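Colleague: Once you've had a glance at the structure underneath, I'll fire off some questions.
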Amino acid sequence: MGEELKIKIENHKEIEEKLQQLGAKFTEELNVTDTYFNQPSDEVLKITEDERGDFLVNLKSKEGKFEIVKYEKVENIDKIKKELTNKHGIKCILKKKRRFFDFQSYKININLIEDLGEFLIVEGENLTEDIISNKLKMDNPEFVKVPFCDLKQHLPS
């Protein structure tokens with residue numbers, strides 16, 4: 001499976017304009033609810049619910065990136081969510097808008113997360129941090145090396 005790099009951004013509209021100037025194509029916008037379950041610090045287990053359906057997602061932190069271990073569509077979401085909650089407990093729930101772009105061999109999405117901020121995610125194979133500065137022409141990118149649910153826990157209340 002692929003990998004993903006996450007970058008904190010300040011102005012998604014400017015980033016989207018830059019992406020389109022570089023040849024990226026906007027494909028869709030989704031309203032998403034992610035339910036994160038308690039996991040070891042280097043893993044993410046979550047249920048993603050959006051207009052396309054419900055997905056079980058498992059990520060593993062690896063060298064500052066996130067390896068996509070599992071991303072599969074699931075049926076009977078209520079049953080699965082109950083089983084995972086009973087087994088692991090819920091860590092947090094994040095609501096967001098995701099805006100998707102195709103760019104060369106990469107899938108790019110911009111996450112607008114309620115009460116957390118704006119983030120750019122680049123998905124692909126063999127990702128390196130220089131892709132962000134060289135291909136996407138972003139200066140001094142602020143890489144996010146922890147899951148969004150961990151960022152949420154470190155915000156002042």
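Colleague: Can you give the accessible area of ILE121 in Å² (nearest 10), computed on protein heavy atoms with a 1.4 Å probe?
Modeller: Rounded to the nearest 10, the figure is 10 Å².
Colleague: Counting other C-beta atoms within 10 Å, and keeping those with at most 15, which DSSP coil GluC sites (Glu not before Pro) do you find in the stretch 17-74?
Modeller: Those that pass, being in a loop and sparsely packed, are GLU51, GLU63.
Colleague: Further question on the same structure: Can you figure out the FRET efficiency of GLU114 with GLU83, using R₀ = 22 Å and their beta-carbon distance, to the nearest 0.05?
Modeller: 0.25
Colleague: Report the per residue volume, in Å³, of the convex hull enclosing the C-alpha atoms of the stretch 72-157.
Modeller: 148
Colleague: With the other protein chains left in place, how much accessible area per residue, in square angstrom, belongs to the chain at a 1.4 angstrom probe? Before the final figure, lay out each step's value.
Modeller: On the way: 8620 Å² over 157 residues.
Counting only protein heavy atoms, the per-residue value for the chain is 55 Å².
Colleague: Go ahead and estimate [θ] at 222 nm for the chain from helices alone: -39,500 (n - 2.57) per DSSP H run with n ≥ 4, summed, over the residue count, rounded to 500. All intermediate terms of the calculation are to be shown ahead of the outcome.
Modeller: Values: 4 runs with 33 residues, N = 157.
That calculation yields -5500 deg cm²/dmol at 222 nm.
Colleague: Continuing with the same structure: Let me cross-check SER41: its accessible surface, 1.4 Å probe, with only protein heavy atoms counted, in Å² to the nearest 10?
Modeller: 100
Colleague: If you take the Cα Rg of the stretch 52-93 and divide it by 2.2 N^0.38 Å, with N the number of residues, what do you get?
Modeller: Output field value: 1.33.
Colleague: Still on this structure: Output needed: percent of Cα pairs per 5 Å distance bin for the stretch 1-94, bins running from 0 to the one holding the longest distance.
Modeller: Going from the shortest bin to the longest, the percentages are 3, 11, 17, 21, 19, 16, 8, 4, 1, 0.
The values are calculated or read from the model by the stated rules, or taken from the named source; none is laboratory data. None of these values were measured; they are calculated from a predicted model. Positions of Cβ are backbone-derived with ideal geometry, glycine not excepted, and every protein chain shown enters the neighbour counts. Heavy atoms of the whole protein, side chains included, go into the accessibility calculation; ligands, DNA and RNA do not. Shrake-Rupley method; radii C 1.70, N 1.55, O 1.52, S 1.80 Å.
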